[in-house]
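Note sheet for the following structure.
Throughout, read-outs are computed from the coordinates displayed, never taken from laboratory work. These numbers were taken from a predicted model, which means no experiment stands behind them. Quick reminder, even Gly has a Cβ in these numbers, built from the backbone with ideal geometry, and neighbours come from all protein chains shown.
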Amino acid sequence: MDFKLDKSHLLQQQLFRNFAETEIKPLAKEMDESEQYDLDLLAKMHKYGFFGIPYSKEYGGCGSDTLAYTLCMEEVSKVDASTGITISVHTSLCCSCINNFGTEEQKQKYLRPLIDGSKTGCFGLTETNAGSDVQGAQTVAVKDGDEWVLNGSKIFTTNSGFADTCVVFALTDRTVPAAKGLTAFIVDLKEMPGITVSENIERMGIRAASNCIVTYENVRVPADRVLGPVGKGFKIAMGALDCGRIGIAAQAVGIAQGALNEAIKYGKERKQFGKPINSFQNTQFKMAEMQTKIDAARLMTWRAAIAEDNHEAFGPLAAMAKLFASDVANEVTRFAVQAMGGYGYCREYPVERMMRDAKITEIYEGTSEVMKMVISGSMKLK
Amino acid sequence: MKIVVCIKQVPDTAEVRLDPKTGTLIRDGVPSIINHDDKAGLEAALQLREKVGGTVTVVCMGPPQADVALREALAMGADDAYLLSAREFGGSDTYATATIIAAGLKKIGFDLVITGRQAIDGDTAQVGPQIAEQLKIPQVSYAEELDVEGDHVIVKRQYEDQAHMLKVQMPCLVTALSELTEPRYMHVGGIVDAYNKDVTVWGFDDLKDSLNPEWIGLKGSPTNVFQSFGKQPKAAGTVLAGLSADEAVAAIMEKLIERHII
């Protein structure tokens with residue numbers, strides 16, 4: 001067992017770190033305030049391969065791996081969690097579905113532009129009445145000749161404000177439970193008639209990320225855009241969410257480390273009672289505690305990523321990493337605001353944004369409660 | 001066109017400190033980077049390749065750990081990389097360094113050699129011009145613009161108050177300023193490729209046909225560093241324009257008195 005990154009991963013980490021510090025950090029506050037993602041920044045990240053990290057060069061990807069992808073997620077999320085989710089939804093949710101279940105033709109046609117830097121992807125599963133429980137799904141697709149006709153509405157579709165391609169899930173058989181009647185489709189958000197993308201949903205955190213309601217009204221989807229077998233959508237969605245949880249765990253690690261770094265920097269300069277606050281043992285001990293938890297969360301995340309890279313079962317490992325890391329992100333960001341006192345609470349400093357951003361990591365791609373269901377389900381308790 | 005870019009791995013001076021007792025650099029824990037001017041030169045080379053075709057080769061003289069600087073250059077898009085590394089090369093001053101790099105360049109072959117103007121750790125600005133002298137090829141230093149026209153390069157050479165446009169026949173050497181161009185980032189896939197490639201490592205034996213052992217290393221170095229010290233940054237000057245002779249005298253006198261110089 002080796003806990004050290006190899007040379008290639010170290011250099012990738014250096015790239016992600018430099019890019020995040022130079023290109024993303026200066027925009028993070030403004031993007032949060034305006035609730036708009038900077039599309040020039042998006043294009044720049046596409047250009048340097050940030051949207052195709054773990055995918056094969058054969059289809060235009062970077063030929064790197066999930067571990068490197070977690071390094072990217074951590075580094076960008078250190079300065080801006082919204083950038084983290086933008087990359088994660090594209091990579092883990094949209095692209096992984098096509099990569100794992102697409103035909104050769106679908107991979108060439110739809111995966112290639114997503115991972116070679118040309119197009120951005122999103123993922124439509126959640127509905128108003130179908131969150132953790134997919135049984136409430138109401139979006140349907142009905143076969144009509146060589147096409148499927150899609151009707152329904154998906155909420156919280158991250159990236160949908162600017163994405164080109166969406167992997168969307170609809171019921172193709174309403175006579176069976178949703179877990180057996182769901183089918184995945186690849187749709188063009190910008191080109192197919194009948195698709196409407198709402199304004200951004202106003203949120204507490206990750207406000208720069210695009211997150212909208214996508215409505216499908218008699219959208220005609222050619223049959224060759226069915227992803228995987230008809231009726232196997234639930235399995236595809238759950239597989240994607242397993243991948244996604246590694247990304248969210250890494251995002252949470254990044255938010256936590258970013259906030260702690262800010263608190264450390266502030267505590268070196270801020271003087272109270274005649275001394276920098278970092279010289280007080282209470283501050284030092286709290287910081288030691290926070291760093292220990294972040295390191296533990298990081299190692300759990302890397303373990304899940306390495307398991308995925310080795311094609312081992314990683315679902316419960318990803319769930320544990322996300323459960324723990326998201327909790328750590330919330331604890332550390334709350335600490336960072338507290339350690340920086342009144343200034344931590346001010347929008348001039350980034351830690352209040354980080355605290356708002358941290359909350360979502362306990363909710364999306366499966367709540368912490370769902371993570372416990374996944375983990376306990378793997379423990380042979382019954 | 002075969003472009004060879006010479007790069008140096010240097011400590012990131014933004015994070016480097018001097019030991020107050022010994023006056024030497026404290027390198028522990030300081031990250032190493034590709035020297036800024038060299039990186040601008042590499043970017044210019046990559047852009048020229050995109051425009052006129054050809055290849056970009058990177059060369060670095062340094063210890064084995066300089067390998068990562070060459071991998072970074074490969075990940076930015078360079079085609080191949082050479083590390084000139086040997087115990088015999090240690091302790092070389094700028095003259096001996098240029099002798100070694102020139103020997104490497106002779107063996108690699110080139111149409112255009114690009115070096116940075118100077119390294120941020122030594123600030124001598126001597127190695128590039130000395131390489132050109134050793135290779136007996138024309139050189140243009142302080143390039144802020146660089147283009148190729150047939151078998152000539154067109155260089156805008158920067159001076160403090162003016163610039164020269166020069167047209168030089170290749171083979172030649174150009175030393176690049178950081179202002180020449182903004183370097184691109186590495187590509188993620190480029191890093192993966194960079195570690196799947198070989199960096200050619202040449203030691204003394206590989207270059208001995210054109211290297212006199214008396215001209216390299218500590219004993220081949222005419223200069224020796226006997227002390228290093230930090231410099232106070234020079235304040236920006238003030239330009240007073242459009243004054244008559246009398247007004248200029250008055251303005252200078254006023255400043256001298258203000259500073260208690262007279």
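Just to be sure before I move on: is A:Val226 buried (at least 17 other Cβ atoms within 10 Å of the Cβ), farther than 24 Å from A:Lys322 by Cα and of a type in the set (A, V, I, L, M) in the structure I sent? So A:Val226 passes the test.
I'm trying to understand the selection: among the residues of the range B:169-218, which are charged (D, E, K, R) and farther than 24 Å from B:Asp38 by Cα? Let's see the steps before the verdict.
Here is the first cut: in the range B:169-218, the residues charged (D, E, K, R) are B:179, B:182, B:184, B:193, B:197-198, B:205-206, B:208-209, B:214.
Residues satisfying the conditions are B:Asp205, B:Asp206, B:Lys208, B:Asp209, B:Glu214.
Meeting the requirement of 2 or more residues that are of a type in the set (Asp, Glu), the helices (runs of 4 or more DSSP H) wholly within the range A:28-132 are A:66-79.
Yes/no matrix, rows are residues, columns are (1) touching a residue at least 40 places away in the same chain (Cβ under 8 Å); (2) surrounded by fewer than 23 Cβ atoms within 10 Å (Cβ to Cβ):
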site: B:Pro138; (1), (2): no, yes
site: B:Glu149; (1), (2): no, yes
site: B:Val155; (1), (2): no, no
site: B:Asp161; (1), (2): no, yes
site: B:Ala176; (1), (2): yes, no
site: B:Leu180; (1), (2): yes, no
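Counting only residues that are over 26 Å from A:Glu308 (Cα atoms) and within 14 Å of chain B (Cβ to nearest Cβ), the range A:27-46 holds 3 of them.
Residues of the range A:298-338 that are in a loop (DSSP other than H, G, I, E, B) and in contact (Cβ under 8 Å) with a residue 40 or more places away in the chain: A:Phe314 alone. In the range A:100-120, the qualifying residues are those that are touching a helix residue (DSSP H, G or I) at 6+ places or on another chain (Cβ under 6 Å) and without any contact (Cβ under 8 Å) to a residue 60 or more places away in the chain, and the one that is nearest to A:Tyr48 (Cα to Cα) is A:Lys119.
Restricting the first member to the range A:260-272 and to residues that are polar (S, T, N, Q), and the second to residues that are in a helix (DSSP H, G or I), the beta-carbon pairs closer than 8 Å and six or more apart or on different chains are A:Asn261/A:Lys78.
Could you check how many residues of the range A:51-96 are touching a Lys or Arg at 6+ places or on another chain (Cβ under 6 Å) and within 14 Å of another protein chain (Cβ to nearest Cβ)?
4
Against the condition more than 14 Å from chain A (Cβ to nearest Cβ), in contact (Cβ under 8 Å) with a residue 60 or more places away in the chain and closer than 21 Å to B:Lys106 by Cα, how does B:Gly90 come out, does it pass? Show your work before the answer.
Numbers: more than 14 Å from chain A (Cβ to nearest Cβ): yes; in contact (Cβ under 8 Å) with a residue 60 or more places away in the chain: yes; closer than 21 Å to B:Lys106 by Cα: yes.
Yes: the conditions hold for B:Gly90.
Checked against (1) β-branched (Val, Ile, Thr); (2) more than 14 Å from chain A (Cβ to nearest Cβ); (3) closer than 30 Å to A:Arg17 by Cα, B:Val188 passes all but a single condition, namely (2).
Residues in the range B:77-95 that are crowded, with 23+ Cβ neighbours inside 10 Å and in a helix (DSSP H, G or I): B:Phe89 only.
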